[in-house]
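The values are calculated or read from the model by the stated rules, or taken from the named source; none is laboratory data. It should be emphasised that the depicted structure is a prediction, and the values quoted were computed from it without experimental measurement. Positions of Cβ are generated from backbone atoms using ideal geometry, with glycine treated the same way; all protein chains shown enter the neighbour counts.
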Amino acid sequence: MPKPAVSIILSQKNSEDDLSSVLKTICAQTFSDFEILTASQHCNQAVANAHGDFLAFADQDHRWMPSKLQKQMLTLRENPEISWCYCDAFLSYTQSRCGETVRLHAGNILRPLLVKNFIPPGSVLLRRPVFDAAGGFDESGSYLSSEEWELWIRLAAEHPIALLNEPLMSIPLPGPLAGPDSEQRQTSMKRVVESAVARDRDRLKDLRSESLAEICISAGNANLKADQRDQARLNFEEALTHAPLRSDAYLSWVSSFLSSEAQQQIRDLHNLGRQLQKTEKTKAAEKMGA
């Protein structure tokens with residue numbers, strides 16, 4: 001019996017997880033040369049049992065568009081020098097896209113990826129030998145829910161990536177860095193940054209402070225949204241110890257003393273400023289290309 005081209009590792013964190021919805025979208029793929037393996041806690045073991053030359057990953061709350069695998073496989077087969085690729089994704093099963101909330105990068109993405117994990121969960125397709133050479137996911141427990149990000153950083157240090165700049169899947173909104181396990185999650189994310197910088201100081205040491213500040217600001221915004229103002233202030237203050245010139249950290253710290261309505265006004269102004277900057281950059285790029 002010929003081996004499949006793609007092995008899809010489907011994460012099943014709990015035995016009671018309902019996989020029927022994601023399986024329905026996987027089985028509706030226009031590219032059908034694949035196998036599906038389920039993984040409870042250890043994805044590396046599932047990969048060890050896989051037969052495909054390419055690997056894809058999915059969770060029970062992901063939904064794939066019918067052409068996802070076909071388009072990603074075409075990208076890698078037509079570009080043998082590229083070891084992995086990823087795609088944009090719809091957020092929370094709506095028409096809002098990841099690429100509208102954070103910039104998606106292609107090529108040598110190591111530096112921007114350290115600052116922020118912009119790769120949508122479950123969007124990667126990669127060649128099996130690349131995964132094996134990297135040693136797979138770090139399942140030691142050091143990185144909790146950041147194992148994907150930690151592996152992508154290691155891969156990005158060695159291999160450029162291709163981006164399919166269209167949403168080929170839907171994912172739920174990322175979980176906020178607030179709540180009972182928020183401190184553990186933040187700690188694991190900081191470990192990802194520290195270990196990456198320690199491995200590759202020449203390329204990454206100047207980004208350490210910015211990356212750590214980004215984690216703190218994200219946590220602070222999540223706590224502010226959850227009305228945990230004291231904790232949010234601590235997050236923003238920690239961010240400023242890493243990056244004293246981050247104006248958004250100052251603004252968010254100030255807003256933590258204001259009413260919810262005033263906080264929303266500040267967020268709206270900040271988002272408007274970011275949108276104007278994006279528009280100006282687009283116009284400048286179009287002018288240069290004209």
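If you check Gly136 against the conditions, is it buried (at least 20 other Cβ atoms within 10 Å of the Cβ) and either touching a residue at least 24 places away in the same chain (Cβ under 8 Å) or aliphatic (A, V, I, L, M) (or both)? Against the criterion (buried (at least 20 other Cβ atoms within 10 Å of the Cβ) and either touching a residue at least 24 places away in the same chain (Cβ under 8 Å) or aliphatic (A, V, I, L, M) (or both)), Gly136 does not qualify. In the range 183-194 there is at least one residue matching the filter, namely being within 29 Å of Leu76 (Cα to Cα), in contact (Cβ under 8 Å) with a residue 40 or more places away in the chain, in a helix (DSSP H, G or I) and outside the structural domain of Thr101 (by TED's automatic domain parsing). Counting the residues of the range 139-169 that are more than 23 Å from Ala219 (Cα to Cα) and modelled with pLDDT of 95 or more gives 16. Residues of the range 68-96 that are surrounded by fewer than 17 Cβ atoms within 10 Å (Cβ to Cβ) and either of a type in the set (Lys, Arg) or farther than 19 Å from Trp152 by Cβ (or both): Gln70, Leu74, Arg77, Glu78, Pro80, Ser92, Tyr93, Thr94, Gln95, Ser96. Take the residues in the range 115-142 that are aliphatic (A, V, I, L, M) and under 28 Å from Thr25 (Cβ atoms); name whichever of them is nearest to the chain's Cα centre (by Cα). Within the range 115-142, the match that is nearest to the chain's Cα centre (by Cα) is Ile119.
When the range 111-145 is filtered for residues that are of a type in the set (A, V, I, L, M) and farther than 24 Å from Lys68 by Cα, the ones remaining, listed by number, are Leu114, Val115, Ala133, Ala134, Leu144.
Please find, among Ala58, Ala106, the residue that is touching a Gly at 6+ places or on another chain (Cβ under 9 Å) and of a type outside the set (Asp, Glu). Unique residue meeting the criteria: Ala58.
Here Ile119, Ile171, Ile153 are screened, and the one residue that is crowded, with 16+ Cβ neighbours inside 10 Å and more than 26 Å from Ser21 (Cα to Cα) is Ile153. Taking the range 217-290 and the helices (runs of 4 or more DSSP H) fully enclosed by it, the elements with 2 or more residues that are hydroxyl-bearing (Ser, Thr, Tyr) and either surrounded by 12 or more Cβ atoms within 10 Å (Cβ to Cβ) or at pLDDT below 85 (or both) are at 247-255, 260-289. Here Pro112 meets each of (1) crowded, with 20+ Cβ neighbours inside 10 Å; (2) under 13 Å from the mean Cα position of the chain (by Cα); (3) modelled with pLDDT of 95 or more with one exception, condition (1).
Those strands (runs of 3 or more DSSP E) of the range 1-67 in which 1 or more residues are farther than 20 Å from Trp152 by Cβ occupy 34-39. Which of the residues that make up the range 52-67 are under 22 Å from Val102 (Cα atoms) and surrounded by 22 or more Cβ atoms within 10 Å (Cβ to Cβ)? Of everything in the range 52-67, those that are under 22 Å from Val102 (Cα atoms) and surrounded by 22 or more Cβ atoms within 10 Å (Cβ to Cβ) turn out to be Phe57, Ala58, His62, Trp64.
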